[in-house]
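Beneath this line is the structure, given in structure tokens, with notes to follow.
The values are calculated or read from the model by the stated rules, or taken from the named source; none is laboratory data. Everything numeric here is computed off the predicted structure, so don't read it as measured data. Quick reminder, even Gly has a Cβ in these numbers, built from the backbone with ideal geometry, and neighbours come from all protein chains shown. Keep in mind that these areas ignore ligands, DNA and RNA; they rest on the heavy atoms of the full protein, side chains included. Shrake-Rupley method; radii C 1.70, N 1.55, O 1.52, S 1.80 Å.
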Amino acid sequence: MHDSLQVLSKKAAQALREAKTVDALKEVEREFLGKNGQVTGLLKGVKDLPDDEKRLFGKAVNDLKAELEGLLESRRHELQRAEIDAALENDWLDLSAPGEKFATGHIHPLAQVQREVETIFQQMGFSIIDGPEIESEFYNFEGLNIPSYHPARDMQDTFFIDKEADPVEGKLVLRTQTSPNQLRAMKKYGAPLRIIVPGRVFRNEATDASHEHTFDQVEGLLIDKDISIANLKGTMQEFLTRLFKREVKVRFRPGYFPFVEPGLELDMSCPFCTDGCRVCKRSGWIEFMGSGMVHPNVLRAGGVDPNEYQGWAFGFGLTRLVMMRYGIDDIRHLQSGDLRFNEQF
Ligand code: PHE
């Protein structure tokens, strides 16, 4: 091959090797094979050569051109493949990788136990009803046989709504108990009646580990003909046995609540031990709730004739039940909204 062609061939081959990208390669192509490229220039010059050189030199330049085109093509492939490999390496997406865990949350312990309580009472034919958290003084106190001068008012000091009192229903208060729904349910549905009312209640308390301004109760009310405390005993014994999934016994002690007569405190045998533990203070019994036969005045205030019907009512602390069950030692955890607490249940 002609000397100058050999130099050009080497130069071009080196330029091709040094081109590191497809774009750089295009530059090289232009430089040698483009319209004004060096090889093209030589081809153009062939026509001015003497005839004997024309053929030989022309063939040599054409061979060089073909050789360069071949090299160019394979280099282009190489660079394209490298670019694709790099892209695959950098934008790597593993479609089979496990996804990021999505925090779904779960049911608050109070709500969990509330649902269990509701299910058991539903199975025993009770309806679950709801009542307002902002009550009138009438429903929360007077209608339940607690007039304004009654000492029981002091035990259930509460928050009053700053609004003029209604001449009949009195001021608005945050309900201190779920008992107002005894009256509401009697008025709305009449007798016979079998209900429970779970819900939040409020008291003006100095908060500490066992006192909160807001906690949960479950009210129960059964009204029918020929109802006695025996029905209450059987119902609660069955309820607690199903709830704790072991045999629980109940016993009554006298208690005082103005809206029941007689009034009773119900204790349950300790469901956590057989021979004394911290929860039952080694006594084997746990105070569970207030209850009693609905006072005739309350039946009347609810529009039910006490000569025809009688019934019993109870109220227990759902919050306390949850604390006992899970061994929670500070009531303030329950409304704290602290996930580290909630996540444990
Ligand atoms: N309401 C009472 C309380 O909060 C409990 C109770 C309910 C007592 C029904 C008797 C009957 O202490």
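Residue pairs whose Cβ atoms lie under 6 Å apart, sitting 6 or more positions apart in sequence or on different chains, and linking a residue in the range 229-246 that is hydroxyl-bearing (Ser, Thr, Tyr) to a partner that is open to solvent by 70 Å² or more (accessible area, probe 1.4 Å), are Thr241/Glu247.
Here's a check for you: in the range 146-166, which residue that is in a loop (DSSP other than H, G, I, E, B) and within 11 Å of the ligand (Cβ to nearest atom) is farthest from the chain's Cα centre (by Cα)? Talk me through it step by step, then tell me what you get.
Looking only at the range 146-166, we keep the residues that are in a loop (DSSP other than H, G, I, E, B), and these are 146-151, 156-159, 161-165.
Checking the rest, the ones that are also within 11 Å of the ligand (Cβ to nearest atom) come to 146, 156.
Working: Ile146: 40, Gln156: 33 Å.
So the residue we want is Ile146.
Among the residues of the range 5-19, not a single one is open to solvent by 90 Å² or more (accessible area, probe 1.4 Å) and outside any helix (DSSP H, G or I). Residues that are surrounded by 12 or more Cβ atoms within 10 Å (Cβ to Cβ) and part of a helix (DSSP H, G or I): does the range 81-98 have at least one? Yes, some residue in the range 81-98 is surrounded by 12 or more Cβ atoms within 10 Å (Cβ to Cβ) and part of a helix (DSSP H, G or I). Restricting attention to the range 267-282, the residues being open to solvent by 70 Å² or more (accessible area, probe 1.4 Å) and within 18 Å of Met236 (Cα to Cα) number 1.
Restricting the range 285-319 to residues that are assigned to a loop (DSSP other than H, G, I, E, B) and touching a strand residue (DSSP E or B) at 6+ places or on another chain (Cβ under 6 Å), the residue that is farthest from the ligand (Cβ to nearest atom) is Tyr309. Across the range 263-317, the qualifying residues are those that are of a type in the set (Val, Ile, Thr) and modelled with pLDDT of 95 or more, and the one among them that is farthest from the chain's Cα centre (by Cα) is Val304. What number of residues within the range 64-80 satisfy the criterion of being in contact (Cβ under 8 Å) with a residue 12 or more places away in the chain and open to solvent by 40 Å² or more (accessible area, probe 1.4 Å)? Counting residues in the range 64-80 that are in contact (Cβ under 8 Å) with a residue 12 or more places away in the chain and open to solvent by 40 Å² or more (accessible area, probe 1.4 Å) gives 6.
Inspect all residues belonging to the range 30-51 and state whether any of them is in a helix (DSSP H, G or I), closer than 30 Å to Glu83 by Cβ, touching a residue at least 40 places away in the same chain (Cβ under 8 Å) and of a type in the set (A, V, I, L, M, F, W, C). Looking through the range 30-51, none of the residues is in a helix (DSSP H, G or I), closer than 30 Å to Glu83 by Cβ, touching a residue at least 40 places away in the same chain (Cβ under 8 Å) and of a type in the set (A, V, I, L, M, F, W, C).
For Arg332, are the conditions met, namely being basic (Lys, Arg), within 30 Å of Tyr139 (Cα to Cα) and either surrounded by 20 or more Cβ atoms within 10 Å (Cβ to Cβ) or in the same structural domain as Gln182 (by TED's automatic domain parsing) (or both)? So Arg332 fits the description; yes.
Within the range 322-345, the set of residues being within 19 Å of the chain's Cα centre (by Cα) and in a loop (DSSP other than H, G, I, E, B) comprises Leu334, Gln335, Ser336, Gly337, Asp338, Glu343, Gln344, Phe345.
Let me spell it out: the conditions are (1) open to solvent by 100 Å² or more (accessible area, probe 1.4 Å); (2) assigned by TED's automatic domain parsing to the domain that holds Gly337, and Lys101 meets all of them except one. Which number is the exception? Condition not satisfied by Lys101: (2).
Examine the range 146-165 for a residue that is surrounded by 15 or more Cβ atoms within 10 Å (Cβ to Cβ), modelled with pLDDT of 90 or more, of a type in the set (Asp, Glu) and over 23 Å from Glu212 (Cβ atoms), and state whether such a residue exists. There is no residue in the range 146-165 that is surrounded by 15 or more Cβ atoms within 10 Å (Cβ to Cβ), modelled with pLDDT of 90 or more, of a type in the set (Asp, Glu) and over 23 Å from Glu212 (Cβ atoms).
Here is a list: Pro167, Pro198, Pro147. Which entry is farther than 27 Å from Asn307 by Cα and not assigned by TED's automatic domain parsing to the domain that holds Val279?
On the way: Pro198 fails: not assigned by TED's automatic domain parsing to the domain that holds Val279; Pro147 fails: farther than 27 Å from Asn307 by Cα.
None of the other options fit; the residue is Pro167.
Scanning the range 100-111 for residues that are out of contact with any helix residue (DSSP H, G or I) (no Cβ under 8 Å at 6 or more places or on another chain) and under 22 Å from Gly317 (Cα atoms) gives a single hit, Ala111.
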